[in-house]
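The values are calculated or read from the model by the stated rules, or taken from the named source; none is laboratory data. Nothing here was measured: the structure is a model prediction, and the numbers come from that model. So basically every Cβ, Gly included, is an ideal-geometry build from the backbone, and we count neighbours across all protein chains shown. In case anyone asks, the SASA skips ligands and DNA or RNA and just uses the protein heavy atoms, side chains included. Shrake-Rupley method; radii C 1.70, N 1.55, O 1.52, S 1.80 Å.
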Amino acid sequence: MPSKIKMDINDITYERKHNESYMVVEGKLLPDSYETKMINENDINALLEMTTLSIDGVNKISYRISRKETLEDFVESNDLDKENLARLIINIKIALDTLNNYLIDERHIWLSKETVYLNKGGENYHVTLCYLPIEHESIQSQFRDIMEFFLSKLTIKDREESKQVYEAYDICLKEDYTLDEVIECLQQTEDTRDEIYVEKVVLEDEGGEESYVEEIDEQEEYFAEYKDKAKPKEGLFSRFFKRTKNFVSQMNFEDSPADKETEDFIIEPDYELEEKTVLLTDTKPVGRLVYDGVNNEDDFIITKDTFRIGSGKNNDAVIKNKTVSGSHAKITKTGNDFYIMDSNSTNGSFLNNLQLVYRKPYKLRPMDKIQFATEAYIFY
């Protein structure tokens, strides 16, 4: 039996062709295997679209990731409280269950914060997974790493909620745990919510017709198990807290809620814009984006080590033009240097007319011209 493989971000490269983005990994789809035939014959919306190609004699699999973002990027761009955490895990489980319906071996799923994808924009939590036919570590082991990433990104507003999240992580330390147990733990509250968030799942029936499973209410048997009110085990958190105090230091307790030449640009959906821009002031700048267009967009001071740019209201720099994606790009500061990275935007980001590749950092220099879709800025 082959040994199980643990892959990481260094095994991934990204490509951009026109308005399409791809994640590329070394590997090969086996044309005669049951799983490849099943995937090719069915439009399985829980899997990334993929093709095998050969680059310099090396077999690679190219995954289409246009209009999607990694779980890592999604979490870093959105608040992650207990409710949203439960919603993410439910949708990961829905994707895994969909693959089980097609008899896809879960050991061939690469589950990580870099290979789990969500649709960009709005409140869409639909999860798409990466199929790679090698012997990965178990789903339990891979999800445990994801859960540790979640812990480092949580926005905690209530100490009881944080306790409950750590109890859920305690479940992940077992060898034979299930995602159902984790979900059930997260949903054990005194005020149990009447609504379970479930994204639309598309399956193929025998006649080739698509059947849709919409948001499912509490009467549906499939999700009834998520709504049971089981008592949490006494003393579980206190025992676990002693073993995992290193994670506690990462928690953030809040006291109050608080090619380009002839491309057609795609108009992004409307977003509720909220002025969270940082306008130029007398404050000594550490980096500036000065608008170089005709649409009366704002200038921005780069005030954070990670400065997010897009048309969505949660960005540090909000650009109102609809050709700009909700989460379009980000600028990071390392020491005295600034780097720009595209966030898999629909219409692309450009540095001195060079189109940026998703998740690849490009160093910025004074007087560089940056273009977010149709909107241009000068970096100072």
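What to note about this one:
- Distances between placed amide hydrogens fall under 5 Å for Thr323 paired with Glu268, all partners being 5 or more residues away or on another chain.
- Protection proxy ranking, highest mean first, for peptides 303-310, 315-322: 315-322, 303-310, where packing is the per-residue count of other beta-carbon atoms within 10 Å, averaged.
- Computed over segment 325-375, the quotient of the alpha carbon radius of gyration and 2.2 N^0.38 Å is 1.05.
- For segment 315-327, Karplus couplings with θ = phi - 60° (6.51, -1.76, 1.60), whole Hz, Gly/Pro x: 7, 6, 10, 9, 9, 7, 4, 6, 7, 8, 5, x, 10
- Segment 1-72, accessible surface, carbon-and-sulfur percent (1.4 angstrom probe): 48
- For segment 13-172, accessible area per residue (1.4 Å probe, heavy atoms of protein chains only), Å²: 38
- Amide H contacts of Val116 (H built 1.01 Å from N, in plane; Pro and chain starts excluded): Leu71 sit under 5 Å, all sequence-distant by 5 or more or on other chains.
- Taking the Cα centre of segment 11-53 as origin and assigning +1 to Lys and Arg Cβ atoms and -1 to Asp and Glu Cβ atoms, the resulting dipole is close to 120 debye.
- Apportionment of accessible area to carbon and sulfur, segment 340-380, percent (1.4 Å): 55
- Projecting the alpha carbon convex hull of segment 66-176 along each direction and taking the average yields 7.2 nm².
- Projected onto planes of every orientation and averaged, the convex hull of the alpha-carbon atoms in segment 296-357 covers 4.5 nm².
- Annotation for segment 55-88 versus segment 309-326: alpha-carbon center distance of 19 Å.
- Length-normalised contact order of segment 103-193 in % [C-alpha pairs under 8 Å, at least 6 apart]: 24
- For segment 8-72: relative contact order, % (alpha-carbon pairs under 8 angstrom, 6 or more apart): 35
- Relative contact order of segment 307-360, defined on C-alpha pairs under 8 angstrom at six or more residues apart (%): 26
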